[in-house]
Amino acid sequence: MLTPIRIDNRIIGFLGKPGGGGKQPAVIHLHERYGIVQHTTDLGQKFVDAGYVTIVPDLFSRFTGDREALARGNGRCELRDDEVLQDIDTVVAYLRALPEVEGGKIAMSGVCQTGRQPLLISAKRDYLSAAVVLYGAIYPDDWKSHPLRPEPIDKILEQLSCPIAGVFGELDNLVPVDNVIRMCAILAKAKKSFDVRLYPEAPHGFLNDTMPGRYRLSQTQVAWNQITTFLKSVFNGEWSKERAIWRFESDTSIHYDFTKNKRWD
C-alpha cells in the first residue's frame, strides 16, 4: 500500500514497502506529464508487489499553476536538469535513511516526459544500479540542446553509469522507430549495457490501463515481465560493469511509416 510522504518539507510523494524482513532494493518511480495520477501510483504499487521499496516523488513540486489542468493534459510543467538533479539527490538521501532499503541497490523508472530523468541521473550521478525508460527520453527535440536541458540526449547516453531497459511501441506518435535504433547505436558505441524492446501494434502510453484507447494488455504483460526480469537480474549482479551487454528486440512492420501514427486516448 502506497502512503503519502513529504520529503525535505517540500517534495510530496508516495512510499510503499513490500512485506518481509531485512533490507531490500528500492525503485524511484516517476510520473508522466500529468503529475502523479492513478496510473502513476498503480505502477508504483506494482513495483512494491514485485518486492521493491518504492518511492513516487512529485518532480513538479515547484509548479504553481493549475494542477487539475495538468492532470487532464491541458497544461505543462517543464523540468530543469539542475533542479531534477537536486530533487533526486534529496529523494535518494531519504531512501537511504530508511532501514528497509539496501542503499547500494536503487533503480529509477521514468515514463513519457520523465523518461529523460533516469538517464540524466545515471549520467551525472553514480548511485543508480539500473534505469528504466518507458516511451520517453528520445523524442525528436531531445536530440537538441534546450535552455532548461542543455545537454542533448545523445551526450547523456554516452555517459550512463548503469544498464538501462527501454520500452517503446511501434505505433508511438511521439517516438519514431529510427530514434530507438539511433539510441541503441549510441549506447553500443559507448559500450553501455541495455535491454531495449519495440513492441508491435503498441502506441504511446500502452501500459496505461486508465486510457482504454492506448492500453494494450498483452504487450503490457510482456513489457512488465521485461522490466521486472531486468531489475531482478541487475540487483542480482548479473550485469557486470566490465561487460557490455546489448539486447535489442523489435517486432515492427517492414512498411512502417511514422507519419501515419496517431495519438490514442
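Quick notes
- For the stretch 12-144, diffusion coefficient by Stokes-Einstein and Kirkwood Rh (Cα), 37 °C, 0.692 mPa s, µm²/s: 218
- Sorted by Cβ density within 10 Å, fewest first, the residues 192, 23, 124: 23, 124, 192
- Read-out Rg/Rh (Cα atoms, Kirkwood Rh), derived from the coordinates shown; its label in (1) 1.01; (2) 1.26; (3) 0.93: (3)
- Label positions at residue 189 and residue 50, each projected 7 Å from the Cα along the C-beta direction, are separated by 3.0 nm.
- Excluding same-chain neighbours fewer than eight residues apart, the aspartates and glutamates reachable from residue 189 by a Cα-Cα span under 13 Å are 154, 158.
- Exceedance of the 31 Å cut-off in Cα-Cα distance is limited, within the set 191/232; 17/260; 155/262; 17/124; 144/241, to 17/260.
- Relative contact order of the chain, taken over Cα pairs closer than 8 Å and 6 or more residues apart, is 15 percent.
- FRET E, pair residue 8, residue 126, Förster distance 22 Å, beta-carbon r, rounded to 0.05: 0.55
- Put simply, when 203-209, 90-96, 107-113 are sorted by average Cβ atoms within 10 angstrom per residue, most first, you get 107-113, 203-209, 90-96.
- At R0 = 30 Å, FRET efficiency that the Cβ-Cβ distance of residue 96 and residue 236 yields, to 0.05: 0.90
- Rounded, prolate or oblate (a/c below 1.5 giving rounded, otherwise prolate when a/b exceeds b/c) for the stretch 195-265 by Cα gyration tensor: oblate
Every number in this text was worked out from the coordinates using simple rules, so none of it is lab data. Predicted model only: the values in this text are computed from it and were never measured. Note that each Cβ is placed from the backbone with ideal geometry, even for glycine, and that neighbours are counted across all protein chains shown.
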